[in-house]
Amino acid sequence: MKKIYMILLGIILFLIILAYTNPSEKQHRQEVLNSIIFEDDKNKLDDKTVEYIKNISNENNLIKTLIKKYISRDNYFLFSLTKSKLKTKKETIGFGILGKVFISEEKIKKLEEQEYNSSEDGLISSNQSSEISNDSGEKWLKSIFRCKGSVKYCMPSEEEVCSERFLRFYEDSWEINGPSNLTDEEYKSAVKKYKEKWSPIYQLYDSEVYLFGGGNGGTTTLKEIRVKRISIMKYDLTIEFIDGSKTNDEITLIPHNNSYKIDGYFNELRQVVLNILANSKDAFEILMKEHKAVDGEINIKLIDEEDCIKITLSDNAGGIPENIISKIFNPYFSTKSAEQGTGIGLYLTKSIVEKFHDAKINVYNSELGACFVIKFIKKASDK
């Protein structure tokens, strides 16, 4: 009899644990957010890095708004189900038990393929939703480069195609990274305010940025526009200029008055170059503080070889100490103080490069300084 009581007590305790640890709706939504942002990469990153990437995610706030609207939890006391509701249809995409939420990767991919609709302040109404088709964002992005009354391409006006919020961010970025008359103290204060205001929303810029870029010599004469959908309201935009040069950027859209506005812009390869240049800049500043005279020089080369394309970035700042050169791509490794650097810049640089198929980055010391080499292996069709 005592044995039966112990078994019943064990069952009751287990049921209490199940009920007590049943994941909340917030946990279900957070796990969906993590699945969308990180996809297969999240398990490879530590918690601190995951949190950092969340904060700099270009589309984080938009996705959170959408998830709050479309993702819910069905509570069954001992366990719970993650539900998505699209076009009145409710579907199970995950399962929660014992404090954990398990999301179906297949269902998440289907979810990303659906056309979410949002506005700058929230979500558009259902009658507006029906007027925006699955590929209308792609069509709109192509159309803004069309010259009026012509099949030729023109560079669009930023004021006409960007959301008001993104324009304010863009202007603030120019004030920080463009020509400035601020003192050192005023500049530090301005940078701090800029980061506090915009880092939770957008990928921050580290230099002057021209929306959509330009060709060699600053040409803005366009030859071809290619747009490819990546995920929710996110598109890959390739612009080919008349001189043969190209730019490639990630563009985030939001619906606006039955059309769209640009609300995010990020060039990953540019960010790689900027991070490496920032590393060289820091090295030159150290030399100046040590009163070592040097005529600072940074060389960037694009080398087209038979089996690969290389980008080399080298400086004459003396190089990286041999005892740390193997560690500089590690997360949170930094020779700066905690206030001056996070140690995440070169780690993210390596992560971005390795997202490209058969691409690698390495660094070595030359006689003059550090040399970073980014190598892109050519496909058979490119050779």
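None of the figures in this text is laboratory data; all of them are computed from the coordinates on show. Bear in mind that the values here come from a model prediction, so they are computed numbers and not experimental data. Here the Cβ is made from the backbone with ideal geometry for all residues, glycine too, and neighbour counts use every protein chain on show.
Which pairs, out of 100/327; 2/100; 195/223; 107/192; 234/310; 142/360, put more than 30 Å between their alpha-carbon atoms?
Check vs 30 Å cut-off fails for 100/327; 2/100; 195/223; 107/192; 142/360.
Length gain on complete extension for the stretch residue 278 to residue 2, per 0.36 nm per residue less the alpha carbon to alpha carbon distance? Present the calculation step by step, with values, prior to reporting the outcome.
Numbers: separation 276, 0.36 × 276 = 99.36 nm, distance 7.12 nm.
Extra length available between residue 278 and residue 2 comes to 92.2 nm.
Between residue 298 and residue 106, how high is the FRET efficiency from 1/(1 + (r/R0)^6) when r is the Cβ-Cβ distance and R₀ = 45 Å? Nearest 0.05.
Numbers: r = 46 Å, r/R0 = 1.03.
After rounding to 0.05, the efficiency reads 0.45.
With r defined as the distance between the Cβ atoms of residue 246 and residue 11 and R0 fixed at 51 Å, what FRET efficiency is calculated, to the nearest 0.05? After rounding to 0.05, the efficiency reads 0.20.
Between residue 367 and residue 190, the contour length at 0.36 nm per residue exceeds the Cα-Cα span by 59.9 nm. Estimated at 0.36 nm per residue, the fully extended path between residue 181 and residue 325 surpasses their Cα-Cα distance by 48.2 nm.
What ranking, highest mean first, results for peptides 192-198, 77-83, 153-159, 347-353 when packing means the other Cβ atoms within 10 Å averaged over each residue? Don't jump to the answer; show the numbers that get you there.
Numbers: 192-198: 13.1, 77-83: 17.3, 153-159: 14.9, 347-353: 20.6.
Final packing ranking: 347-353, 77-83, 153-159, 192-198.
Label sites at residue 377 and residue 197, each approximated as a point 7 angstrom past Cα along Cα to Cβ, lie 4.6 nm apart. On the beta carbon distance between residue 68 and residue 358, with R0 = 30 Å, the FRET formula returns roughly 0.15.
Hey, can you rank 246-257, 361-372 by average C-beta count inside 10 Å, highest first? Write out the running numbers ahead of the final one.
Working: 246-257: 19.0, 361-372: 16.4.
Ranked by mean Cβ neighbours within 10 Å, highest first: 246-257, 361-372.
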